[in-house]
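The values are calculated or read from the model by the stated rules, or taken from the named source; none is laboratory data. The shown structure was predicted, so the numbers you read here are calculated from the model rather than taken from an experiment. Because the Cβ atoms are built from the backbone with ideal geometry, glycine has one as well, and the counts that use them run over all protein chains shown.
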Ligand code: XIL
């Protein structure tokens with residue numbers, strides 16, 4: 001594929017910043033491999049001419065483009081597989097030029113971290129505020145990035161007028177259903193034709209640890225108020241509003257199947273999606289959030305591939321939608337304590353990507369924030385106290401690539417047929 005056919009060719013101008021090497025012992029193996037790869041690939045190293053942007057001088061300046069794998073962006077390396085590499089974006093952070101530069105060059109897809117959530121888009125009943133979402137969309141469109149719309153129906157980050165109205169009895173069940181339909185359809189129509197994948201329903205089911213009566217079931221505000229039928233309704237409403245967007249169910253802890261019993265969340269979601277498909281509900285994809293932690297054993301690439309393939313067997317696309325791998329912060333941030341964590345983290349990022357690459361229906365791999373400054377893990381409480389499990393991203397706080405970033409580059413560069421093939425194009429179910 002020719003370089004110029006890649007959308008957003010300006011991505012190539014940043015490559016020199018990601019070629020930094022380190023003499024740290026932990027990198028020696030990779031550095032050697034990279035050097036060998038560099039030797040093998042010198043034939044494709046080229047000097048290209050990049051036309052200066054609006055702010056630059058009128059004359060074209062020659063720029064040395066590093067075509068070795070470690071000199072190429074994740075999005076560029078993944079294009080060969082037809083895989084989109086995404087990140088969650090916080091529009092407020094785009095004012096930081098370093099954040100903005102990486103967000104616009106490394107990734108071929110973006111998700112609004114919070115800007116499309118209901119509490120943000122309709123803080124006052126009947127009065128929409130699309131300003132943050134539109135700032136995000138403008139950024140995506142300027143950079144030719146595909147958009148994952150997040151999120152239409154979720155139990156969290158709902159506007160107070162809605163939850164309080166229901167709690168006080170001012171909004172009854174029939175009215176609530178109408179409010180939900182309006183929210184789904186107004187939002188989808190507002191962005192019609194501009195969103196590639198929508199997370200239509202998010203986190204609808206329990207985990208093994210909060211299962212009621214010893215079995216996984218539907219949980220939270222919407223199931224309590226409307227019953228589980230709201231899931232099918234939401235997909236039908238979204239399809240009416242945009243026939244072309246891919247419609248996803250999105251959840252966490254569905255990265256691998258368990259024993260198939262009543263506490264197996266992945267199996268529950270699998271059966272839910274199977275039933276929805278059998279009933280003609282227009283669901284096109286399953287998103288596995290993949291919020292992992294090096295505290296747990298986690299998964300091999302084989303388990304991830306198997307899970308994604310089993311979902312694909314239902315006729316749906318899959319995506320890894322919110323990947324991050326947090327670390328329980330050590331008492332002291334010494335290199336002895338941190339290096340094993342960074343290596344374990346790289347392994348998990350890599351297992352997820354390899355699993356996705358191996359399944360031809362897995363169409364995107366999105367990280368939930370790309371740097372350790374802007375990760376939700378910095379403040380979230382995962383059970384060990386707020387911010388105690390963090391350092392979850394692929395760039396450090398100084399925007400330097402971590403071992404996880406290098407592992408993703410290597411996976412994308414060194415994967416090839418027959419075991420890794422191009423993605424199969426996914427079409428919305430009517
Ligand atoms: C998180 C955001 O990253 C935080 O900034 C916000 O405070 C809470 O929500 N699953 C999801 C995401 O689907 O929307 C969540 O995002 C993370 C878990």
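Quick look at the numbers
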| read-out | value |
| --- | --- |
| Region 72-94, residues that are more than 15 Å from the ligand (Cβ to nearest atom) and either modelled with pLDDT under 95 or in a loop (DSSP other than H, G, I, E, B) (or both) | 72, 73, 80, 81, 82, 83 |
| Top-ranked residue of region 353-380 - restricted to ones that are more than 16 Å from the ligand (Cβ to nearest atom) and part of a helix (DSSP H, G or I), ranked as farthest from residue 98 (Cα to Cα) | 358 |
| Residues of region 207-229 satisfying the condition of being touching a strand residue (DSSP E or B) at 6+ places or on another chain (Cβ under 7 Å) and either within 16 Å of the ligand (Cβ to nearest atom) or not in a loop (DSSP other than H, G, I, E, B) (or both) | 218, 219, 222 |
| The listed residue being closer than 18 Å to residue 237 by Cα and more than 16 Å from the ligand (Cβ to nearest atom), out of 277, 271 | 277 |
| Residues satisfying the stated conditions in region 319-351, i.e. within 16 Å of the ligand (Cβ to nearest atom) and within 14 Å of the chain's Cα centre (by Cα) | 319, 320, 321, 322, 323, 324, 325 |
| Test result for residue 129, more than 16 Å from the ligand (Cβ to nearest atom), on the phi < 0 side of the Ramachandran plot and either modelled with pLDDT under 95 or surrounded by 19 or more Cβ atoms within 10 Å (Cβ to Cβ) (or both) | no |
| Matching option when the condition is under 26 Å from residue 200 (Cα atoms) and in contact with a helix residue (DSSP H, G or I) (Cβ under 7 Å, 6 or more places away or on another chain), among 157, 145 | 157 |
| Of all residues in region 311-328 being touching a helix residue (DSSP H, G or I) at 6+ places or on another chain (Cβ under 9 Å) and in a loop (DSSP other than H, G, I, E, B), the one that is nearest to residue 271 (Cα to Cα) | 314 |
| Which numbered condition residue 243 misses (of (1) farther than 15 Å from residue 197 by Cα; (2) more than 16 Å from the ligand (Cβ to nearest atom)) | (1) |
| Region 287-302 - residue that is more than 16 Å from the ligand (Cβ to nearest atom) and touching a strand residue (DSSP E or B) at 6+ places or on another chain (Cβ under 6 Å) and, of those, farthest from residue 196 (Cα to Cα) | 295 |
| Yes/no for residue 383 being within 16 Å of the ligand (Cβ to nearest atom), surrounded by fewer than 22 Cβ atoms within 10 Å (Cβ to Cβ) and at pLDDT below 95 | yes |
| Qualifying residue in region 175-195 (condition: within 16 Å of the ligand (Cβ to nearest atom) and either surrounded by fewer than 12 Cβ atoms within 10 Å (Cβ to Cβ) or over 25 Å from residue 110 (Cα atoms) (or both)) | no |
| Subset of region 108-126 [within 14 Å of the ligand (Cβ to nearest atom) and either part of a loop (DSSP other than H, G, I, E, B) or modelled with pLDDT under 95 (or both)] | 113, 114, 115, 116, 117 |
| Considering residues of region 144-197 that are out of contact with any strand residue (DSSP E or B) (no Cβ under 9 Å at 6 or more places or on another chain) and in a loop (DSSP other than H, G, I, E, B) only, the residue nearest to residue 225 (Cα to Cα) | 172 |
| Failed item in (1) crowded, with 19+ Cβ neighbours inside 10 Å; (2) farther than 23 Å from residue 322 by Cβ; (3) within 22 Å of the chain's Cα centre (by Cα), with residue 237 passing the rest | (3) |
| Among the residues listed as 333, 344, the single one being out of contact with any helix residue (DSSP H, G or I) (no Cβ under 8 Å at 6 or more places or on another chain) and assigned to a helix (DSSP H, G or I) | 344 |
| Per-region count, region 244-298, residues assigned to a strand (DSSP E or B) and in contact with a helix residue (DSSP H, G or I) (Cβ under 9 Å, 6 or more places away or on another chain) | 9 |
| Checking residue 259 against (1) under 21 Å from residue 298 (Cα atoms); (2) more than 16 Å from the ligand (Cβ to nearest atom); (3) within 23 Å of the chain's Cα centre (by Cα), the condition it does not meet | (3) |
| Failed criterion for residue 354 (all others in (1) surrounded by fewer than 18 Cβ atoms within 10 Å (Cβ to Cβ); (2) out of contact with any strand residue (DSSP E or B) (no Cβ under 8 Å at 6 or more places or on another chain); (3) touching a residue at least 60 places away in the same chain (Cβ under 8 Å) hold) | (1) |
